[in-house]
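Below is one structure, written out as structure tokens, with a few remarks after it.
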Amino acid sequence: MAETKILQILMCEEHFYLIVGIFSVLYFLRAVKPVAFIFSKKWNWLIPILNLGFSFAGIFMFGLTVAKTMGMKLSVMFLITAVTSYTYELTKPLLKKIVTKFIGIEPGEKS
């Protein structure tokens, strides 16, 4: 019951676009040289905080939610933050393999 409700919340069109947007911004920031230091081992703790900020902005500033009450909006914000943080950590090795295979260089390696 709870799993289907969570999946229903995540697959709502606005929430899905917000999740995809957060991933896009995170991977764009990873490619920008002046702020790429955030993704180092020393500063890696900032990524979930950025993720929470992007979720907050998407839900409260841009209105990318169908929730009406403040409590539900906060619940959706934390749910999206948790899902994107976990999925970001899971996709890093996969994206590294894809980049290595199709581009031919190891990420982090100077060309």
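Of 100, 65, 84, the residue with the greatest mean-square motion in the GNM of the chain, using alpha carbon springs below 10 Å, is 100. Exposed loop sites are taken as trypsin sites (Lys or Arg not before Pro) in a DSSP loop (any state but H, G, I, E or B) with at most 14 other beta carbon atoms within 10 Å; the longest stretch of the chain without one runs 69-109.
Comparing 6, 95, 71 along the charge dipole axis of the chain, the residue lying farthest to the positive side is 95, per the Cβ-charge model. With both labels modelled 7 Å from their Cα along Cα-to-Cβ, the residue 60 to residue 46 distance reads 2.2 nm. Loop-located chymotrypsin sites (Phe, Trp or Tyr not before Pro) in the range 20-101 (DSSP state other than H, G, I, E, B) with a sparse environment of at most 10 neighbouring Cβ atoms within 10 Å: 45. Fully extending the segment from residue 101 to residue 31, taken as 0.36 nm per residue of separation minus the present Cα-Cα distance, adds 23.4 nm.
Computed from point charges on the beta carbon alone (+1 for Lys and Arg, -1 for Asp and Glu), the dipole magnitude for the chain about its Cα centre is near 360 Debye.
Throughout, read-outs are computed from the coordinates displayed, never taken from laboratory work. Model, not experiment: these values are computed from the prediction. Glycine also receives a Cβ, built like all others from the backbone with ideal geometry; neighbour counts cover every protein chain displayed.
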